[in-house]
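The values are calculated or read from the model by the stated rules, or taken from the named source; none is laboratory data. Everything quoted here is computed from the prediction, not taken from an experiment. Neighbour counts are summed over all protein chains in view; Cβ atoms, including those assigned to glycine, are modelled from backbone coordinates with ideal geometry. Keep in mind that these areas ignore ligands, DNA and RNA; they rest on the heavy atoms of the full protein, side chains included. Shrake-Rupley method; radii C 1.70, N 1.55, O 1.52, S 1.80 Å.
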Amino acid sequence: MAKKINYVWRLWATGLSFFSFGVGGFLLWVVVFPVLSLLPGTPAQKVNRGQKIVHASFYVFIGLMHRLGVMTYEIEGLDKLNRPGQLIVANHPTLVDIVFLISRIKQASCIVKAGLWHNPFMRGPIVNAGYISNGDPELMIAECVDWLRSGGCMIIFPEGTRSIPGKPYRFQRGAASIALQANAIVTPVTLTCYPSTLTKAERWYQIPHRRFHLKMTVGEDFILDEFISASAKALAVRHFNQHLQEYFTQQRELYQHHGK
C-alpha cells in the first residue's frame, strides 16, 4: 500500500512540476522579460540579464522536483564550470539535462531546436537569453564560435538529441567544429540517471519505480593542441568528434561496470 501511495504521489508531483515549468516559462515571456526590456543596457547586457533569470528559474524548478520527491541529484566538480569562453559538452540521457545544467551555470547559451521559437512556454527564455537556433547549421556554428570568442559560456549536446537507451552514441560534428574554430576551453560533463526516466523512448508520465537520481560529473578539460595543429581542418574535426564520442562511451561503460 505504501509503495502505491508513493507512486501516485510521485506521478502527481511529476505532473505538477512540468505544469509549473510551462506556466513559469509563459509568465517569463509575458511579464518578466517585457519588464526587463524596459531597463537600460546594451544588447549584450540584456542577454546576460536574461540568462541570469533563466538560470534562477531553472534552479527553482530543480529544487521543486527535489523537494516534491521526484528526484535526487549529485554533482562532482562544479568548481570547474562557470568560466568565460568555456564550451561544455555533455551527453544527453534525459529531458531535464539542459535545465539541470543551466540551473548550475549562471550565464550560458545553448543550441535550441528552431521549432521551439514558436512555443509560447519556451519562446520568452529562448529569445531573451540569446539562445542559438539550429535552423541554419552554418549560421549556428558561426554564432556559437562568436559567442565563445566574446567570452561567453556555451552548453552543447554533441548527440543533438536525447540518447536512445541501449544504443551506441552517434555524435554530430557541430560541437567539435565549434570547439576547434573558437579554440575554446572544452570541458566534458557526464550525466547519469537511475532509474532510467524521461528518455527519448519514454513519456513524462512513465515514471520509474522510485524517485530518480541524476548525477553530474565534470571531467578535466580536453587538450585541443594536437587537433588544432592538424593541417586539414575537416580531418581535425572528425578526429576530435571521434575523441568526444569515445570519451563519453568510456564514461558510460564505467558507470555500468561500477553499478548505479
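Tabulated values for the structure
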| quantity | calculated |
| --- | --- |
| In segment 111-137, the residues that are of a type outside the set (A, V, I, L, M, F, W, C) and closer than 22 Å to Val31 by Cα | His118, Asn119, Pro120, Arg123, Gly124, Pro125, Asn128, Gly130, Tyr131 |
| Segment 35-62: number of residues that are open to solvent by less than 20 Å² (accessible area, probe 1.4 Å) and not β-branched (Val, Ile, Thr) | 3 |
| Residue list for segment 92-116, restricted to those being in contact with a helix residue (DSSP H, G or I) (Cβ under 8 Å, 6 or more places away or on another chain) and small (Gly, Ala, Ser) | Ser103, Ala108, Ser109 |
| Checklist (1) among the charged types (D, E, K, R); (2) in contact with a His (Cβ under 6 Å, 6 or more places away or on another chain); (3) modelled with pLDDT of 95 or more applied to Arg162, failing item | (3) |
| Some residue of segment 156-177 being open to solvent by 60 Å² or more (accessible area, probe 1.4 Å) and polar (S, T, N, Q) | yes |
| Residue within segment 97-107 that is open to solvent by less than 30 Å² (accessible area, probe 1.4 Å), of a type in the set (Asp, Glu) and closer than 26 Å to Ala175 by Cβ present | yes |
| Within segment 200-225, considering residues that are open to solvent by less than 20 Å² (accessible area, probe 1.4 Å) and farther than 16 Å from Thr94 by Cα, the one nearest to the chain's Cα centre (by Cα) | Val218 |
| Unique match (being touching a residue at least 24 places away in the same chain (Cβ under 8 Å) and more than 21 Å from the chain's Cα centre (by Cα)) among Phe33, Phe18 | Phe33 |
| Scope segment 196-245; condition closer than 14 Å to Val186 by Cβ, modelled with pLDDT under 95 and part of a loop (DSSP other than H, G, I, E, B); matching residues | Ile223, Leu224 |
| Selected residue (criterion: most open to solvent (accessible area, probe 1.4 Å)) from residues of segment 1-33 that are closer than 23 Å to His118 by Cα and among the hydroxyl-bearing types (Ser, Thr, Tyr) | Ser20 |
| Selection from segment 107-134 of residues that are among the basic types (Lys, Arg) and touching a strand residue (DSSP E or B) at 6+ places or on another chain (Cβ under 9 Å) | Lys113 |
| Test set (1) in a helix (DSSP H, G or I); (2) farther than 22 Å from His118 by Cα - Leu36 fails condition number | (2) |
| Unmet requirement for Pro188, which otherwise passes all of (1) free of Cβ contacts under 8 Å to residues at least 60 places away in the same chain; (2) not in a helix (DSSP H, G or I) | (1) |
